[in-house]
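Below is one structure, written out as structure tokens, with a few remarks after it.
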Amino acid sequence: MKKIALTLSVLGLVSAASIAQAALVNTGDLTASEAKALVQDKGAIVLSTGPGLYDRYVANASYCATHEETERAYVVTKDSNHSLIGYTCVVDNKNS
């Protein structure tokens, strides 16, 4: 019985991950201003930047963990090869 429950749990996680990946918005389908507005509106969002590629983008440092800092995030959009759409959270190595 435990094996069946574990198998169903694993299948549920795989299905949820597949659905989540399918729902990702691709920055290449958006203009630079649309992508930036999406990040600003959501505060933090995972966006696809190409097949199998994605990252979490944030509007400001309040969406990062206390040991992280922001780094400018540039992506390819429908109208630009280098659009600043917000930030990514990176580990602050200065205080490590």
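The values are calculated or read from the model by the stated rules, or taken from the named source; none is laboratory data. In this text, all values refer to a predicted model and were calculated from it rather than measured experimentally. As a convention, Cβ positions derive from the backbone with ideal geometry for all residues, glycine included, and neighbour counts pool all protein chains shown.
Computed quantities for the displayed model
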| read-out | value |
| --- | --- |
| Count of residues meeting criterion [surrounded by fewer than 12 Cβ atoms within 10 Å (Cβ to Cβ) and either under 19 Å from P51 (Cα atoms) or modelled with pLDDT under 95 (or both)] in segment 68-90 | 2 |
| Subset of segment 42-65 that is at pLDDT 95 or above and in a loop (DSSP other than H, G, I, E, B) - its residue that is nearest to L24 (Cα to Cα) | G43 |
| Of all residues in segment 26-67 being among the hydroxyl-bearing types (S, T, Y) and farther than 30 Å from K94 by Cα, the one that is surrounded by the most Cβ atoms within 10 Å (Cβ to Cβ) | T27 |
| Meets criteria (at pLDDT below 95 and touching a Leu at 6+ places or on another chain (Cβ under 8 Å)) for L24 | yes |
